[in-house]
1. Any idea what % of Cα-Cα pairs in the range B:184-275 are farther than 24 Å?
2. Compute the FRET efficiency between residue B:152 and residue A:330 as 1/(1 + (r/R0)^6), taking r as their Cβ-Cβ distance and R0 = 22 Å, and round to the nearest 0.05.
3. Dividing the Cα convex hull volume of the range A:50-124 by residue count, how many Å³ per residue is that?
4. Given a cut-off of under 8 Å on Cα pairs at least six residues apart, what relative contact order in percent is computed for chain B?
5. With contacts defined as alpha carbon pairs under 8 Å and 6 or more residues apart, what's the relative contact order of the range A:270-386 in percent?
6. Counting heavy atoms of the protein chains only and a 1.4 Å probe, report the per residue accessible area for the protein assembly as shown as a whole number of Å².
7. For residue A:217, what accessible area in Å² do you get when you roll a 1.4 Å probe over the heavy atoms of the protein chains, rounding to the nearest 10?
8. Working with all protein chains in place, sort A:356, B:215 by solvent-accessible area computed with a 1.4 Å probe, largest first.
Number of protein chains: 2
Amino acid sequence: MSEQHVVVIGGGFGGLQLVNDLKGAGLRITLVDRRNHHLFQPLLYQVATTILSTSEIAWPIRHLYSDRQDVTTLLGEVVGVDTAVKEVSLRSGMTQRYDTLVLATGATHAYFGRDDWEPVAPGLKTLEDATTIRRRVLLAFERAETEADPAVRDALLTFTIVGAGPTGVELAGIIAELASKTLPREFRNIDTGKTRVVLVEAGPRVLPTFAEELSAYASKALTELGVELHIGERVMECTAEGVETSEGFISSRTIVWAAGVQASPAAKWLDVPADRAGRVIVETDLTAPGLPDVFVVGDTASVIQESGAPVPGIAPAAKQQGAYVAKVILARLAGKPALPPFRYRHQGSLATIGQSAAIIDFGRIKLKGWIAWWIWGIAHIYFLIGTRSRFAVAWSWLWIYLSGQHSARLITQKETMRDDDRK
Amino acid sequence: MSEQHVVVIGGGFGGLQLVNDLKGAGLRITLVDRRNHHLFQPLLYQVATTILSTSEIAWPIRHLYSDRQDVTTLLGEVVGVDTAVKEVSLRSGMTQRYDTLVLATGATHAYFGRDDWEPVAPGLKTLEDATTIRRRVLLAFERAETEADPAVRDALLTFTIVGAGPTGVELAGIIAELASKTLPREFRNIDTGKTRVVLVEAGPRVLPTFAEELSAYASKALTELGVELHIGERVMECTAEGVETSEGFISSRTIVWAAGVQASPAAKWLDVPADRAGRVIVETDLTAPGLPDVFVVGDTASVIQESGAPVPGIAPAAKQQGAYVAKVILARLAGKPALPPFRYRHQGSLATIGQSAAIIDFGRIKLKGWIAWWIWGIAHIYFLIGTRSRFAVAWSWLWIYLSGQHSARLITQKETMRDDDRK
């Protein structure tokens, strides 16, 4: 076969957009991911907080391309790239020769050199992370219900979230509502209304990427939900007992890490320069430096806008990059001249605070409150894949709205009531 | 407080029926379960086979009793019962004094002394079991897609189910349909239509508790779905490579155990006689021998009917026993004379074969085919708890009916493509 082989690593927003846009191009495409599913990460915090089920925000990648005979889906983990012979190595020992390689391998949470904090302060990037956090949160209430020592009980009923970006704010808001609205009538020995939700942020305000007025609104809305804001406090230590910050110790048995991001090791595979977060510093056409057949998109790429600000690590940016790379590949295939450099168009920033307020920053237009929440909700349902998921998520939200009851309050996996599970 | 304390261990069908029926009796009730959820076990095989999500068939127990101020729910695992001082010990160290104790702790799968088979041949009793089986089944197809050795590929595409009771028949039917109907268009290197699903049964026919004509119909329906029936074959050995039966070796990388049942260790806690499956041989009023304040119900109890046949280990039997014990407790509380012995009323046996056929044995009336399937489906939706679940399950089934696509095809938990995960 003379057809070109495009190997795409990563079935996130960037990778899928690219594969979608290469439809009908007569290319042979191989899409490799470590997971069998595409994950709608913007709603992952709702799985962690018992609102949605895992299957509502994840889809088997190979099903998405069942009609695309040009696309082969492989479950596999990349361990290296040989750019000299143009070959990707997978952990299984399999290799894939490519004509064009696109790395869209995303990012994971980072502990700034303190990876030993991960067992006590899990982050939120995968479905397993979400069910781990869900289990810890629910188990903390269960343990508090049977705990005789008031100090331990208080520590069990204190939830600390590190990092007040959108994920941290969203987690804090829902956990506070879970404790104050959903759970109180179900416990006999504890008052879940006295739960402390502590949001720790090293920067000067919550949601630092939003306009100051929206950030101020979010602070107020969080405070009204009962979230304690610890702004300008740096985390010094995380243990099974709590969080030591620059201002003191927070006795807290449940910690969630929403602070840092580290790119996947694409720069190491390619042996090219990376920024501090490990992102490949790409050329203006999103190729890796000196490797015109290797593109890097999404959270794995460091792209600087004309304004000097970096392109944010959000789904729309990854999609735009995937679409751009598809155009570059098609132009090359057609022998057309090079495209102008990639340019990011910011469509807006969104964040929710609990289940009735949100903020949206469209640049000139700024929205807050329940109007913003409805726009946020409709936009997210729109961006889900397929009728089934849209229907299922809308139904889950409607049900919570009507009944006040969260539908995914299951403690699963091997962890039990034993106290040694966090060691 | 002078109110009597009823301690119920186990939030399955028997335990919940009992607690429901004690409403308004002025008792203090403590309901203890190892899990935070009640599980609708009759549909668990559908979670294992990617049809339903975990949250569609499980409900947080404490939510079910949020309105019942007389009920305290505890997440905890029983490690012993001191019948002399009437006290239950939990693993956490907590104890519960009781006036009346009801053990409804269910059963687990049993390997007839070969517990070493469990890692390669998981059974199906919990949500974790279901997601484990789902992961193994989906990973087998993924591995086959990238496997170069034809013999290994064939072994990966061979699924063996041990035991042709309702669970084994249901698993075999859905896995066969998954391979022949849902997956074929999604793979490029393998033909999932050539998948072998092998059902091994030591007894003389499938579904031995059903009438022979229904059993024969089930055999025919399974064969039409492509399931290979190995009837009258005993399993001699299970390994990561396959199943050795009395007739030969089946090279099969995925094995599911649906053969044996072992009761929870209630008989040991009470130090009373048990039958071969570990069930407490109860008195005619469902009390443990010599312990008039301790009742045992459901899969933990061995009850013989007037006909000499044992009461089957199914949900309706557990519910009837829970309801009976509630009546006995209420009669004692009111100082009324003892009730007549427990009598089991068999309402019928149901089993499905794939997603369009079922058999129902009402005794005199026997149904099969799609009419039976519809009755089965409506009955199961009716018995689910709450509007949300009924709606969600009906929607999932309708979606599969309309689109042919299963909605819960996620590979989750830590297992990856590595081959060492089963060692």
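The values are calculated or read from the model by the stated rules, or taken from the named source; none is laboratory data. Values in this document were obtained by computation on a predicted structure and should not be read as measured data. We place every Cβ from the backbone using ideal geometry, glycine too, and count neighbours over all the protein chains shown. These accessible areas exclude ligands, DNA and RNA; they are computed on the full protein's heavy atoms, side chains included. Shrake-Rupley method; radii C 1.70, N 1.55, O 1.52, S 1.80 Å.
1. The answer is 42 percent, as a whole percent.
2. On the way: r = 39 Å, r/R0 = 1.76.
Once rounded, the FRET efficiency stands at 0.05.
3. On the way: hull volume 12.3 nm³, N = 75.
So the per-residue hull volume is 164 Å³.
4. 19 percent
5. RCO, the range A:270-386: 15 percent.
6. Values: 35340 Å² over 846 residues.
Using a 1.4 Å probe on heavy atoms only, each residue of the protein assembly as shown averages 42 Å².
7. The value for residue A:217 is about 50 Å².
8. Numbers: A:356 70, B:215 5 Å².
Largest accessible area first, the residues go A:356, B:215.
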